[in-house]
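The structure under discussion appears below in the form of structure tokens.
FYI, it's all coordinate maths here, none of it is from the lab. Note that this is a predicted model, so its numbers are computed, not measured. Here the Cβ positions follow ideal geometry from the backbone for every residue, glycine too, while neighbour counts run over all protein chains shown.
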Amino acid sequence: MSIHLHFRAVAESEIQNDHTWLAAFMAEAWENDEAEYPMGIAHSVNKSWDAVHDLYAATYGLSADADDSWNLPIYGGRPVPHSADPAPSDPPLMLLEPTGVSQAARFLTTVSFDGLWNVVGARFRNLGWARQEYREHQRDLQAFYGQAASAGHAVVKAVWA
């Protein structure tokens, strides 16, 4: 089974604060992912997104003054509540506002992948997870959030199964 956490950058003014509308928007974006990904406005992480989150959580092991920015790239944002009668195909959705997108981008450019890997690498290797895969996630998320922050965009997140 394939499961993805899908990210889509969008101007906050274009967003309707409605689960039904956002689910339709994200479904269309998911259908257009191959075109949107190279434009830098969409990204997705396969079923390993929880491990990417765990990698970022290791910042507490790197710095005594670490804030909660490590939580923003994967799980950051507010949940968008379902309508009163959700369709079975409605995905869970989160919305990270532009301020949070900027914080996530800053975090991703300042955190050292090698430093994180030194904290959690042994545990990850024991689970069979490859360093290069997580380095690529770091690089791709850094580029995605950097572009979204530069444009002043929000990020909508959906889980697709």
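Taking all Cα pairs closer than 8 Å and separated by 6 or more residues, the relative contact order of the chain comes to 38 percent. Local charge for residue 155 was computed over the other residues whose Cβ lies under 15 Å away, with Lys and Arg +1 and Asp and Glu -1, and equals -2. Peptide packing: for 37-50, 67-80, 143-156, the average count of neighbouring Cβ atoms within 10 Å per residue gives the ranking 143-156, 67-80, 37-50, highest mean first.
The helix-based estimate of mean residue ellipticity at 222 nm for the chain, built from -39,500 (n - 2.57) per DSSP H run of four or more residues and divided by its residue count, is -15500 deg cm²/dmol to the nearest 500. Taking Lys and Arg as +1 and Asp and Glu as -1, the other residues whose beta-carbon sits under 14 Å from that of residue 45 total -1. Put the Cα centre of region 117-161 next to the Cα centre of region 1-78 and the gap is 9 Å. With 0.36 nm allotted per residue and the present C-alpha distance subtracted, the residue 136-residue 33 stretch has 35.3 nm of extension available.
Shape verdict for the chain, please, from the Cα gyration tensor: rounded (a/c under 1.5), prolate (a/b greater than b/c) or oblate. Prolate is the answer for the chain, as a/c is 1.5 or above and a/b outweighs b/c.
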